[in-house]
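The values are calculated or read from the model by the stated rules, or taken from the named source; none is laboratory data. All figures in this text were calculated on a predicted structure; none of them were measured in a lab. Because the Cβ atoms are built from the backbone with ideal geometry, glycine has one as well, and the counts that use them run over all protein chains shown. Each accessible area value is taken on the protein alone, full model and side chains, heavy atoms only, with ligands, DNA and RNA left out. Shrake-Rupley method; radii C 1.70, N 1.55, O 1.52, S 1.80 Å.
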Amino acid sequence: MSETAEHDFLFASRGDGRELGAYVVAVDFCRASGAAGFGLGDGSVHIGPAFTAHQAHKGAVLSLCADVTSGFLTGGDDGKLAHTGTESTVLADYGSRWVEHVAAHPEGVRAASVGRALHLLDGAGKPLKSLAHPSTVAGIAIDAKGKRVAASHYNGASLWFVGAKEDKPRLLEWKGSHAAIAFSPDGTHVVTAMQEMSLHGWRLADGQHMRMSGYPAKTHFLSFTAKGRWLATSGAESVVLWPFFGGGPMGKAPSELAGGDDVMCTAVVCHPQHEVVAAGFGDGLVLIAEIASGKVVPVAPPGKGGISALRWNANGNMLAFGTDKGFCGTVDLAKR
Amino acid sequence: MTDQVPVTVLTGYLGAGKTTLLNRILTENHGKKYAVVINEFGELGVDNDLVVDADEEVFEMNNGCICCTVRGDLIRIVAGLMKRREKFDGIIVETTGLADPAPVAQTFFADEDVKRAAKLDSIVTVVDAKNLAARLADSREAEEQIAFADLILLNKMDLVNAEEAAEVERRIRAINPWAEIIRSTKSDAPVTSVIGRDSFNLEKILEREPDFLSGEDNHSHDTEVLSVSFKVENPIDPERFNAWITQLLAAKGQDLLRTKGILAYANDDRRFAFQAVHMLADGDYIRKWRDDEPRHSRIVFIGRDLNRPQLRRGFEACQVGAPSSNYEAELARWSPPS
């Protein structure tokens, strides 16, 4: 990629971006308007296309996702869970503790982790339940149907049914510290990224363990392709993809895409329909790659900080990214 | 790596004066901005958005090393603090009174993300001058907190007379002769003399050669933890040293609380600083040797059950020109049986 000329990047002709001056923690797209929303380390949420600023938190935004029907759900180090649409409102205040992770589902579920607790709220903001864990929750994921929520922590992950009358988790055990977590799209597998620079997975039907290792750095991004055939991951000097078909990933080697520049892949996210993955790197490069062919399309050039946030919109025709130096960008990939 | 945020770890027994010191750090106008990680929010009567409430969550790294424990909450907190727009002059991590300082210190060696963002600046232990003897008698933690310290705030000096003060300093020195001691009453030492001292900086520690160490035996019989130090005059062979110290730390790391060294490598005009907390080690070149200073290498071990002759012979065998048979024997001493 290093020899690619500036004008070859799609960002030059199809992109829009702003220097916003604070670490970009996360980006997602509004379920109603389709606008990109960026959560930043200065507590602000910027919503496209004009990158309109809202002060959602006093300190830093620690997590952001698209909220249930519209706008964005954020957790902050001011202890607040907030919704930002046309304006910012506080949904819950957890006092002195950080709201480290948030997730939301169109079925009307909001999840926020605060220390060892995972708080579930409904679409109106009413608290539903508070789920306790043996140690601090380090990642949360809601399955595709919005029925189950998984929380990672020390020595495994806990799997909860959102609508259960009695709250008793299924404990997925594996020694060590688990952080990033993902469900496969069909809800049959849960995968976590571990402190020890490896992944651990569980096949829920029979509890079969899956160990995926060999990373030179910690994996922060886990993303399954639309039909769940591949799991794309950050944490190596290429996009590492594990096959979840043909008996894999057990006993299978992962595929690697877009490597060779000796730069760490810091973010990955799979296209919502096709077997295509977008990847961001430590030097600021953003690209998209077709998994079957390995063909790579350069999206944004290096130079504006390491990629810390990356997301496709629901149609898969818009990509948004943010960097640790505060650059926020969107790229329109629609057919012209 | 110059933009790494310096971290001060604050340890000390309950009631020694940590909270008083933290309150001063947060309220006094000292011109610095510190993020403070505490473990019980209620105890500080300060409303400050730079105070982070943490659980001391220790876990064992799955790397086959049983003493390699780290604080998972700190890994997350450092990552979170780095997202803030405002920059800090430092991060202060308070530990509970009974806590072993090792997992906190090891976090700054073991996690790559944390290492990139922050560096351990010093371990500061607040000690109650009046009650230290009693604490040492009834707890292993009190002794470890002193052994780990780079700087000791000897507090509540208004409660002891000159004789008692000298005795408590002697007790501290017997455990850790290299720590700097600052005397205070109501934790009233200037904040900048305690925090942000760069006292993990080995150079300073090792240059502060305790004069009473000239004698061979500084083994104190009233404590379990002891320290030994060695100096050699011939250049060190880096390959030999690395192999030896790796084996030694792997075999003996549980007993070795702190290891620090300044090394003169052969054919290199820079000083190499080495340090370890239990089995986790780190090292870097710090600066060029000055023309007027002898290129000697020194190493210090603070720990339990240390065999002085074995450690000395091992370090000596790492010198260029030491007989390779000696070296092989020293390496084999710490190697697992094959």
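Within 10 Å, count the other beta carbons around each residue, average over each peptide in A:311-317, A:192-198, and list them highest first.
Top to bottom by mean Cβ count within 10 Å: A:192-198, A:311-317.
Round to a whole angstrom and tell me the spacing of the C-alpha centers of region A:136-178 and region A:233-281.
So the separation of the two Cα centres works out to 24 Å.
When Cβ neighbours within 10 Å are restricted to other protein chains, what is their mean count per residue of peptide B:79-90?
Taking all residues of B:79-90 together, the mean is 5.
Given A:L131, A:A182, A:H46, which one lies farthest toward the positive end of the charge dipole of chain A, if we put +1 on the Cβ of every Lys and Arg and -1 on the Cβ of every Asp and Glu?
Of A:L131, A:A182, A:H46, it is A:L131.
What net charge do the residues around B:L98 carry, taking every other residue with its C-beta under 12 Å from that of B:L98, with Lys and Arg at +1 and Asp and Glu at -1? Intermediate results must be reported in sequence, preceding the final value.
Working: positive: B:R135, B:R140; negative: B:E56, B:D100, B:D138, B:E141, B:E144.
Neighbour charge sum, excluding B:L98 itself: -3.
Which of the listed residues, A:F11, A:C328, A:A26, is farthest toward the dipole's positive end in chain A, when Lys, Arg count +1 and Asp, Glu count -1 at the beta-carbon?
Farthest along the dipole direction, towards plus: A:A26.
Averaged per residue, what accessible area in Å² does the protein assembly as shown show with a 1.4 Å probe, protein chains only?
That works out to 41 Å² for each residue.
From the phi angles alone, apply the Karplus equation (6.51, -1.76, 1.60; θ = phi - 60°) to region B:294-307 and give each ³J(HN,Hα) in whole Hz, x where the residue is Gly or Pro.
x, 7, 9, 10, 10, 9, 10, 10, 10, x, 10, 6, 9, 9
My understanding is that a pair violates if its Cα-Cα distance is over 20 Å; which of A:K218/B:K83; B:K186/B:K260; A:K80/B:K18; B:K18/B:K83 do that in this structure?
Too far apart for the 20 Å limit: B:K186/B:K260; A:K80/B:K18; B:K18/B:K83.
Can you give the FRET efficiency for A:R14 and B:K32, using 1/(1 + (r/R0)^6), R0 = 41 Å, r = Cβ-Cβ distance, to the nearest 0.05?
It comes to 0.35.
Towards the positive end of the charge dipole of region B:218-334, with charges on Cβ (+1 Lys, Arg; -1 Asp, Glu), say which of B:V320, B:N307, B:V225 has the farthest Cα.
After comparing all options, I get B:V225.
What list of ³J(HN,Hα) couplings, whole Hz, do you get for region A:69-81 from phi and the Karplus terms 6.51, -1.76, 1.60, once you set θ to phi - 60° and write x for glycine and proline?
For region A:69-81, the Karplus-derived couplings read 10, 7, x, 10, 10, 10, x, x, 7, 8, x, 10, 10 Hz, x marking Gly and Pro.
What's the carbon and sulfur percent of the protein assembly as shown's accessible surface, probe 1.4 angstrom, rounded to a whole number?
49 percent
Using the structure shown, list the pairs from A:K325/B:K119; A:K129/A:K325; A:K335/B:K87; A:K126/A:K175 with a Cα-Cα distance above 31 Å, or answer none.
Where the Cα-Cα span goes over 31 Å, the pairs concerned are A:K129/A:K325; A:K335/B:K87; A:K126/A:K175.
Along the Cα→Cβ direction, 7 angstrom out, place labels at B:D3 and A:S130. What is the inter-label distance in nm?
3.9 nm
Would you mind working out the magnitude of the charge dipole of the protein assembly as shown relative to its Cα centre, with +1 at each Lys and Arg C-beta and -1 at each Asp and Glu C-beta, to the nearest 20 Debye?
1580 debye
Would you mind counting up the charge near A:E19? Only other residues with Cβ under 10 Å from its Cβ, with Lys and Arg at +1 and Asp and Glu at -1.
+3
Can you give the FRET efficiency to the nearest 0.05 for A:A205 and A:K165, using r as the Cβ-Cβ distance and R₀ = 30 Å?
So, using R0 = 30 Å, E works out to roughly 0.80.
Using the Karplus equation 6.51 cos²θ - 1.76 cosθ + 1.60 (θ = phi - 60°), what ³J(HN,Hα) coupling, rounded to whole Hz, does each residue of region A:195-201 give in order, writing x for Gly and Pro?
4, 7, 6, 8, 10, 10, x
Inside 10 Å of the C-beta atoms of B:68-74, what's the mean count of C-beta atoms belonging to other chains?
So the per-residue partner count for this stretch is 2.
Using a Gaussian network for chain B with springs between C-alpha atoms less than 10 Å apart, which of these wobbles most: B:L50, B:L263, B:L26?
Of the options given, B:L50 has the highest mean-square fluctuation.
For the interface of B with A, what's the total buried accessible surface in square angstrom, probe 1.4 angstrom, rounded to the nearest hundred?
In total, this chain pair buries about 2300 Å².
Treat every Asp and Glu Cβ in chain A as -1 and every Lys and Arg Cβ as +1, leave all other atoms uncharged, and give the resulting dipole magnitude about the Cα centre to the nearest 20 debye. Let's see the in-between values first.
Values: 29 positive and 31 negative charges, 211 e Å.
My answer is approximately 1020 debye.
To the nearest 20 debye, what is the magnitude of the charge dipole of region B:5-200 about its Cα centre, counting +1 on the Cβ of each Lys and Arg and -1 on the Cβ of each Asp and Glu?
Computed about the Cα centre, the dipole is about 580 debye.
If Lys and Arg each add +1 and Asp and Glu each add -1, what is the summed charge of the other residues whose beta carbon sits under 13 Å from the beta carbon of A:G248? The partial results should precede the final answer.
Numbers: positive: A:R203, A:R211, A:R229, A:K252; negative: none.
Spelling it out: positives minus negatives among the neighbours equals +4.
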